[in-house]
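The structure appears right after this line, and notes come after that.
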């Protein structure tokens, strides 16, 4: 991979950022790491500003993936990667967040274990463990560090993993929150600098209209409507995202959870405006680059020394704020929701730390076989969301819950059907470009199976009750 050309001042800014983040995270780890509530949920005292800062920065870690998507498909990126998430986040805030905060659990699998039994809890924990893999974010930080420092890919992987997770290993969620506040500021600062420089140097809308391919200003980006719709369904990820649940559990009140998400949506709208505009400029200016490098190459080209360094720490901050959080969520799922639930008599913190290491190893394998952020998102969302969605959200809206057997079948059969459809598509095409039967996306197979089992189970329970 071609290295990004930086001046010594830019390298110094990046080095200072890495040292400050790891120092801040370890400082709070030393002071506050005692107690399982502190380690997993920062003592359940998350204030409104801290809630919004950590949610905004965590939910937007896929910055190079957004650049890749916008560079390739234009404003379709905003239609598929932004708009549906606003809608579902607002619905989550209004209808779910206060209820989640009040039940005072720790994780999503807690809901499954408590309501549907051990078998469903274990299957759900495995799904969550894979769904929140930090692989996409490790891939992005690796690509970025490799380009910035001019070092081999897997050395950059090791450096990124260490600098983004070592303080989480020691201090848990409180260290995540404290570092996220700094990352929140840096991510906005970096893209404000980039967009203002672009407009000043190249002009505004007229320049983009004159230099972008036609598909880039088409809302479908040249893709089929089914492809667009499947991303809307994948955005249902919001309702099963452990990061949302974790922050709601950690919030100090139901209103903190509710209004924290609504405020976050406003910040996401602003940040999406900055990133979409930047991605469009990248395609208009740079016509022959690896799409995942859309933002880094643009920043290298247009920004002067020092401002270039600030922009790149903004990119790193955006990614690492999600990387540390998802690594921790994956680790909790392993340590508490799998090992502790099965063995009971074990040290949750110790096995969470072991889970963090296992999660990094699994991420390395995923990155090796699927070296695309967008494809990892697409595959994981397609495989695991259909089976988790209905069992989880029905907890909060239906008086009559699914039976434990119904939930187990819903999760396992929808996953098996989706995976089978995926494998058939890969065999007919390739992993990079699967050819699905009847041109039908696997997600729709999974959600259809899940819905049929869900409805059948509820109808059967009503019939037996009468």
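The values are calculated or read from the model by the stated rules, or taken from the named source; none is laboratory data. Keep in mind it's a predicted model, so treat the numbers as computed, not measured. Here Cβ is always computed from backbone atoms with ideal geometry, including for glycine, and neighbour counts include all displayed protein chains.
Residue-level analysis places residue 308 outside the set of residues that are at pLDDT below 90 and part of a helix (DSSP H, G or I). All conditions but one from (1) in the same structural domain as residue 451 (by TED's automatic domain parsing); (2) over 25 Å from residue 460 (Cβ atoms); (3) at pLDDT 90 or above apply to residue 430; the one that does not is (3).
Among the residues making up segment 115-137, those that are part of a helix (DSSP H, G or I) and either in the same structural domain as residue 415 (by TED's automatic domain parsing) or more than 22 Å from residue 356 (Cα to Cα) (or both) are 115, 116, 118, 119, 120. Determine if segment 90-99 includes at least one residue that is at pLDDT 95 or above and over 26 Å from residue 174 (Cα atoms). Looking through segment 90-99, at least one residue is at pLDDT 95 or above and over 26 Å from residue 174 (Cα atoms). The conditions of being more than 29 Å from residue 117 (Cα to Cα), surrounded by fewer than 17 Cβ atoms within 10 Å (Cβ to Cβ) and out of contact with any strand residue (DSSP E or B) (no Cβ under 6 Å at 6 or more places or on another chain) are not met by residue 370. Of the helices (runs of 4 or more DSSP H) that lie entirely inside segment 218-296, those containing 3 or more residues that are surrounded by fewer than 19 Cβ atoms within 10 Å (Cβ to Cβ) and modelled with pLDDT of 95 or more span 254-285.
Looking at segment 436-457 only, could you name the residues that are over 26 Å from the mean Cα position of the chain (by Cα) and at pLDDT below 90? Passing the criteria: 437, 438, 439.
Answer yes or no: is there a residue in segment 112-119 that is within 28 Å of residue 374 (Cα to Cα) and at pLDDT 90 or above. No, segment 112-119 contains no residue that is within 28 Å of residue 374 (Cα to Cα) and at pLDDT 90 or above.
Every residue, every condition in (1) in contact (Cβ under 8 Å) with a residue 24 or more places away in the chain; (2) part of a helix (DSSP H, G or I); (3) crowded, with 24+ Cβ neighbours inside 10 Å; (4) not assigned by TED's automatic domain parsing to the domain that holds residue 278, yes or no:
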residue: 50; (1), (2), (3), (4): yes, yes, no, no
residue: 57; (1), (2), (3), (4): yes, yes, yes, no
residue: 61; (1), (2), (3), (4): yes, no, yes, no
residue: 72; (1), (2), (3), (4): yes, yes, no, no
residue: 90; (1), (2), (3), (4): yes, yes, no, no
residue: 93; (1), (2), (3), (4): yes, yes, no, no
residue: 99; (1), (2), (3), (4): yes, yes, no, no
residue: 110; (1), (2), (3), (4): yes, yes, no, no
residue: 113; (1), (2), (3), (4): yes, yes, no, no
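How many of the residues making up segment 453-466 are within 15 Å of residue 412 (Cβ to Cβ) and out of contact with any helix residue (DSSP H, G or I) (no Cβ under 9 Å at 6 or more places or on another chain)? Result for segment 453-466: 0.
It is to be established whether one or more residues within segment 403-411 are part of a loop (DSSP other than H, G, I, E, B) and either without any contact (Cβ under 8 Å) to a residue 60 or more places away in the chain or not assigned by TED's automatic domain parsing to the domain that holds residue 139 (or both). Scanning segment 403-411, I find at least one residue that is part of a loop (DSSP other than H, G, I, E, B) and either without any contact (Cβ under 8 Å) to a residue 60 or more places away in the chain or not assigned by TED's automatic domain parsing to the domain that holds residue 139 (or both), so the answer is yes.
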